[in-house]
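The values are calculated or read from the model by the stated rules, or taken from the named source; none is laboratory data. Predicted, not measured: the structure shown is a model, and the values here were computed from it. Note: ideal-geometry Cβ built from the backbone for every residue, glycine included; neighbour counts use all protein chains shown.
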């Protein structure tokens, strides 16, 4: 099963 | 005081059409350099980043940095009240809790203004680094929209496979499967019709069709779309907005769990 992570996990906050 | 004017309402209408399916609301950050909007969709799978440069507006004044949280559905309703060739002026006082959209007809005989309440949005702002991507594909935006629409009939997700020969879009499901291959254009007569691939390394990634189709609502903004891909990182789908700026959509790839 393929799923996707939240887009915010790929970028840093700020 | 903030004031930004565009001689033609069309572009703003198209920008709203390009974001309103993904976002219910968003914060417009205004500064000397222009207007920026960054927001994740409700499910936090994609990110929209809009940049409009101040020097491309017909008038732009921003005395102090201003963040305006707007309901994009309401903004779209207001922009529907403008004729395409109306001049649009967006105005807000410093620390105001409203923003005003003023529309002026070409013959200056009709002037309307619509005031909208601003919202306090507690949105997470993400730092997006400049990245060198393994594959960058430029192709006609209409073609991309067509492929996304066609392949979504077969599956919830679409595989994009990019090599130096070309780019392949695939979808398979219970109904059957679909593959669309685009070769790199050998002879570029018309730049807007070209498929151009810059490849460092081949990439194969899977994405949700639903989001790709939402991104293609930006098709009227630009003849060409740019897809930037690297393994295991978000796809970037970019539409340039003439000389005004760009809209970029970031989409997390689907990965094996």
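Residues to consider are B:248, B:210; find the one that is closer than 30 Å to residue B:5 by Cβ and at pLDDT 95 or above. Steps first, answer last, please.
Numbers: B:210 fails: closer than 30 Å to residue B:5 by Cβ.
B:248 is the lone residue from the list that is closer than 30 Å to residue B:5 by Cβ and at pLDDT 95 or above.
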Discussion item. Here are the criteria: (1) under 18 Å from the mean Cα position of the chain (by Cα); (2) surrounded by fewer than 22 Cβ atoms within 10 Å (Cβ to Cβ); (3) more than 13 Å from chain A (Cβ to nearest Cβ). Tell me which single one residue B:197 does not satisfy.
Written reply: (1)
Worksheet item: Only one of (1) within 14 Å of chain A (Cβ to nearest Cβ); (2) buried (at least 18 other Cβ atoms within 10 Å of the Cβ); (3) without any contact (Cβ under 8 Å) to a residue 24 or more places away in the chain is not met by residue B:126, so which one is it?
Response: (3)
Worksheet entry | Selected residue [modelled with pLDDT of 95 or more, outside any loop (DSSP other than H, G, I, E, B) and within 14 Å of chain A (Cβ to nearest Cβ)] from B:155, B:170, B:112 | B:170
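Restricting attention to region B:229-244, report how many residues are assigned to a strand (DSSP E or B) and surrounded by fewer than 22 Cβ atoms within 10 Å (Cβ to Cβ). Spell out the reasoning first.
So the first thing to find is which residues in region B:229-244 are assigned to a strand (DSSP E or B), and the list is B:229, B:235-241.
So of that shortlist, the ones also surrounded by fewer than 22 Cβ atoms within 10 Å (Cβ to Cβ) come out as B:236, B:238, B:240-241.
The qualifying residues number 4.
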Worksheet item: Would you say residue B:254 is more than 30 Å from residue B:55 (Cα to Cα) and within 14 Å of chain A (Cβ to nearest Cβ)?
Response: yes
Discussion item. Condition (residue is surrounded by fewer than 18 Cβ atoms within 10 Å (Cβ to Cβ), at pLDDT 95 or above, within 15 Å of residue B:46 (Cβ to Cβ) and within 14 Å of chain A (Cβ to nearest Cβ)) applied to region B:218-228: is it met by at least one residue?
Written reply: no
Item to complete: Go through (1) away from every other protein chain (no Cβ under 14 Å); (2) in a loop (DSSP other than H, G, I, E, B); (3) more than 30 Å from residue B:57 (Cα to Cα) one by one and return the number of the condition residue B:161 breaks.
Response: (2)
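For (1) buried (at least 22 other Cβ atoms within 10 Å of the Cβ); (2) closer than 22 Å to residue B:128 by Cβ, each residue gets a yes or a no:
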site	(1), (2)
B:1	no, no
B:19	yes, yes
B:41	no, yes
B:44	no, yes
B:59	no, no
B:67	no, yes
B:73	no, no
B:85	no, no
B:91	no, no
